[in-house]
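So the structure is just underneath, and the comments pick up after that.
Nothing in this text is a laboratory measurement; each read-out follows from the coordinates by a stated rule. Please read these numbers as outputs of a predicted model, since none were measured by experiment. Using ideal geometry, Cβ is built from the backbone for each residue, glycine included, and neighbour counts are taken over all protein chains shown.
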Protein chains: 2
Amino acid sequence: MSPTFERRALLDELAHKGVRLTAQRRAVIEVIQEARDHLDAGSLLELARKREPNIDRATVYRTIELLKKLRLIDELDLMHLQGEKHYYEVKTKRDHVHLACFCCGRIEEFSSPLFERLKAEIAREAGFEIRVTRLEVGGACRACAAGAKSHEREDVKTATALSQ
Amino acid sequence: MSPTFERRALLDELAHKGVRLTAQRRAVIEVIQEARDHLDAGSLLELARKREPNIDRATVYRTIELLKKLRLIDELDLMHLQGEKHYYEVKTKRDHVHLACFCCGRIEEFSSPLFERLKAEIAREAGFEIRVTRLEVGGACRACAAGAKSHEREDVKTATALSQ
DNA sequence: CCGTAGTCGCGACTCAGTCGCAAATAATGA
DNA sequence: TCATTATTTGCGACTGAGTCGCGACTACGG
């Protein structure tokens, strides 16, 4: 599925749902879709301004809100690795886990049939009608875990120095 | 496991790790442990003040930070149902899912061997050393899902009216 | 009971996100 | 094509969670 196709699909879907397509919304949507990594509202604004120079912060937030409500994007916290911002990504067919490395800050994605089974179990056993799921895992990625083998003390000094 | 036992265990653990036990920290810790539901920093402050009237906001935040770093509590977002606050709970042996109902606002907990298997799979296949996990699910609880059977249209008006 | 490293309270600050309102505009139908 | 109108936008002021620096205070090992 090419980015161009995705973009049209999303814009068409919005039009079809009766959403007014303004230049500002188009800019934000295109930026989200073409993004290679997870963007927060700030970077979203910055990038959208390259297309629509006068777009305002409030409009970006309002568009994010709209896309969330239409379930076209997911909101992530990414374990609050860098402050309290939120990050956004276009909703994919299959939910995935976000692995956040406290050490190097990289975000990895991981998906598994087990996750799907767990969701099905929740829906069945708790009678819960799932609309969104957010599974975030924090720790050390393969590279960082390998490198940190030596200094693994558990006292306060070490704990205080760690990011979480 | 009685609350009293838990409280002593946690305070002892802190002392053992070389953490200075001040009256303020004791107050915050006791409040977290005796809490029946998930508390945000604000309510934590309010409740801690009943024990230690002059405790400051900053101290509560610093204590939360400390307990997080020592991995004695978990931080939750609860799908940001009511603003951007964070909620806290004493870390339990077994991780559990938090089900947040967008409709009535209730939080349900759910734990399952499948979740444990999923975590094991992540650790094994991604080589990720898991320190914390946070699985939050948003949607409609059994009661709300049953009640909402009638008005299930999918257009913008409805979507905009929904909380997410 | 002293000394001191660690902690606290305070007040000012940051920063993400929200809101109300007047001006601008996308979509509709004549 | 253009007038109408309900929506959306930009702006600026605001909110509310969380952070920080600093001088005063204090837990705890000696």
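Plainly put, the tip 7 Å out from Cα toward Cβ on B:Lys50 is 5.4 nm from that tip on each other copy, the closest given first. Counting Cβ atoms of other protein chains within 10 Å of each residue's Cβ and taking the mean over peptide A:68-76 gives 3. Length gained on full extension, B:Arg106 to B:Glu46: 19.4 nm, using 0.36 nm per residue less the C-alpha separation. Assign one of three labels to region B:51-148, namely rounded, prolate or oblate, based on the Cα gyration tensor with a ≥ b ≥ c the square roots of its eigenvalues; rounded applies when a/c is under 1.5, prolate when it is not and a/b is larger than b/c, and oblate otherwise. Oblate, because a/c is 1.5 or more while a/b does not exceed b/c. Rounded, prolate or oblate, given the Cα gyration tensor of region A:1-125, with a/c below 1.5 counting as rounded? Oblate shape, in that a/c is at least 1.5 and b/c is the bigger or equal ratio.
Placing unit charges on the Cβ atoms of the charged side chains and taking the dipole of region A:1-138 about its Cα centre, the candidate lying farthest along the positive direction among A:Ala35, A:Leu21, A:Met79 is A:Leu21.
Each other copy holds its own label point for A:Arg71; taking that point as 7 Å from Cα along Cα to Cβ, the gaps run 3.6 nm, nearest first. Across the cross-link table entries B:Lys85/B:Lys119; A:Lys68/B:Lys119; A:Lys85/B:Lys69, which are compared at the Cα atoms, the separations over 24 Å belong to B:Lys85/B:Lys119; A:Lys68/B:Lys119.
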